[in-house]
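The values are calculated or read from the model by the stated rules, or taken from the named source; none is laboratory data. Everything numeric in this text was worked out from a predicted model, so none of it was measured. Glycine gets a Cβ as well: all are built from the backbone with ideal geometry, and neighbour counts include every protein chain shown.
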Amino acid sequence: MQLSVIGTGYVGLVTGAVFADLGNEVICVDKDEAKIAALREGIMPIYEPGLEEMVRHNVGEGRLSFTTDTEEAVRQSEVVFIAVGTPSLPDGQPDLSQVEDVCRHIARALNAPKVIVNKSTVPVGTGDIVRRWIEQYAPPDHPDFEVVSNPEFLREGSAIYDTLHPDRIVIGAANHNAAMKLIELYAPLERPMIITDVNSAELIKYASNCFLAMKISYINAIARICDLSGADVTLVAKGMGYDKRIGDQFLQAGLGWGGSCFPKDVSAMIATAESLGYDFELLKAVQRINEEQPLYFLSRMRDALGGLSGKRIAVLGLSFKPNTDDLREAKSLRIIAELLAEGAEVRAYDPIAMPKARAIFPQITYCENAYDAATGCDAVAVVTEWNEFRQLNLERLRQAMRQPFLFDGRNIYDPNKVKQAGLHYFGIGRSANAVPFVRSSSQ
Ligand SMILES: NC(=O)c1ccc[n+]([C@@H]2O[C@H](COP(=O)([O-])OP(=O)(O)OC[C@H]3O[C@@H](n4cnc5c(N)ncnc54)[C@H](O)[C@@H]3O)[C@@H](O)[C@H]2O)c1
């Protein structure tokens, strides 16, 4: 099938590469000329395991190409995917201006019947708006087109794997013919497909992401109870997770959720609910717990160290989660900003995200590895659970440090092993008799 994917970011580039790998002819479009020029040179704009090899192979086979010319790409395609960003506006609503811009180009290039597939995460009801935008900008005698919703569930860090092995493929279409095009496209993956109306498909995406965010905030709230009562949240989560109705995923207490999706999708769901006349109090609490989590972590560090001013802190991990260099809404940003504001000195290490972090925090020291980061430090704070931090030589870490404090923001260590190495251990929800954390209005 001849396809184009408009927006060559995490979703667009991975989607384009995978569809090309399945034998389709795919044109990936982006308005960012530098990005397209780099891709034509084989340089990836993002780090994603397996992506570079897949792109190179399919470009070589002549099935994948890159352009900034949206209209030419649309003219050559029977199916057009929209995969541009939908960032949050200040009121929490998603900004649909990139989607509208793409609709304007699609409308001008409608030379034959086409299926327009929205892969960007958009609020329920956007399918109708997309249809109206295209009709508004297209010439009066334009050929037919269908608008389909096909929300994306890939996770950064395992995006290629997720796109090849999705738990389910959601197709929201107003009629059978439009749905059939997508069914045909996804058939080689042999994964479950659910066919719905457009509104339901759009809502499935938000309902799923908000549920996962809720699960994480829930276990983080339980972690606070654990710290206050002397229970261990990792054991509590294990005991819960064996219950098939609950499941063990997304029950790791830590610094909370970040990244490009959960924060904006939770805000968008709250705002959409409000505009429809429903006060989504549950999600507001989910959001508040998440915002408090890094502050709670810092408060424990402040208490243990007797203040943060003048302290030297090693921050291990900067990306919002392992296996990506994405810093959007990463907990490291909040934690480093607070540490600097309180007069601490920060030494950071991340296997991949340091070049991006340098642009945000040029004033901190970027290190060679975890031991280098810990050198002369009063505390080490694990912020992202990269695998390489799990098996650190803790004695070597302690020897490099000025004071032996380890703050494990992702609960990746066995507290006993840390103590045996001569370090004071502070996890999330893993210590008895913690000092209650009170959120002050200035935080
Ligand atoms: N990143 C994820 O893990 C993920 C997962 C599921 C869903 N989503 C959703 O998918 C959508 C895309 O997310 P992303 O992370 O890939 O975004 P991104 O910011 O990485 O990429 C978006 C790309 O679109 C390009 N673009 C913007 N306007 C354009 C236009 N008019 N014409 C051509 N290109 C244009 C940008 O230059 C950018 O390269 C969002 O709605 C997001 O919520 C993202």
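For the structure I just gave you, tell me whether residue 8 is crowded, with 20+ Cβ neighbours inside 10 Å, among the polar types (S, T, N, Q) and not in a loop (DSSP other than H, G, I, E, B). For residue 8, the condition - crowded, with 20+ Cβ neighbours inside 10 Å, among the polar types (S, T, N, Q) and not in a loop (DSSP other than H, G, I, E, B) - is not met. What is the residue count in the stretch 393-416 for residues that are over 20 Å from residue 255 (Cα atoms) and either modelled with pLDDT of 95 or more or crowded, with 23+ Cβ neighbours inside 10 Å (or both)? Going through the stretch 393-416 one residue at a time, the tally reaches 12. Annotation: residue 302 fulfils all but one of (1) surrounded by fewer than 16 Cβ atoms within 10 Å (Cβ to Cβ); (2) of a type outside the set (A, V, I, L, M); (3) under 18 Å from residue 403 (Cβ atoms); the unmet one is (1).
Of all strands (runs of 3 or more DSSP E) completely enclosed by the stretch 330-408, which ones contain at least 1 residues that are free of Cβ contacts under 8 Å to residues at least 60 places away in the same chain and within 23 Å of residue 295 (Cα to Cα)?
On the way: elements: 345-349, 379-382, 405-408.
Answer list for the stretch 330-408: 345-349, 405-408.
Residues in the stretch 141-162 that are touching a residue at least 24 places away in the same chain (Cβ under 8 Å), more than 15 Å from the ligand (Cβ to nearest atom) and more than 22 Å from residue 199 (Cβ to Cβ): 142, 143. Across the stretch 73-105, the number of residues qualifying as assigned to a helix (DSSP H, G or I) and more than 10 Å from the ligand (Cβ to nearest atom) comes to 2. Restricting 35, 31 to residues that are over 19 Å from the mean Cα position of the chain (by Cα), within 13 Å of the ligand (Cβ to nearest atom) and over 29 Å from residue 144 (Cα atoms) narrows the list to 35.
Cβ-Cβ under 6 Å, sequence separation 6+ or interchain: first residue in the stretch 96-108 and assigned by TED's automatic domain parsing to the domain that holds residue 85, partner of a type in the set (D, E, K, R). Which pairs? If the second residue must be of a type in the set (D, E, K, R), the pairs left are 105/71; 108/71.
If the condition is being at pLDDT below 95, of a type outside the set (Gly, Ala, Ser) and in a helix (DSSP H, G or I), then the stretch 160-180 contributes 176, 177. Would a scan of the stretch 47-62 turn up a residue that is exposed (fewer than 15 other Cβ atoms within 10 Å of the Cβ) and within 15 Å of the ligand (Cβ to nearest atom)? Taking every residue of the stretch 47-62 in turn, at least one turns out to be exposed (fewer than 15 other Cβ atoms within 10 Å of the Cβ) and within 15 Å of the ligand (Cβ to nearest atom). Screening the candidates 235, 185, 203 for the property of being over 17 Å from the mean Cα position of the chain (by Cα) and over 21 Å from residue 167 (Cα atoms) yields one hit, 235.
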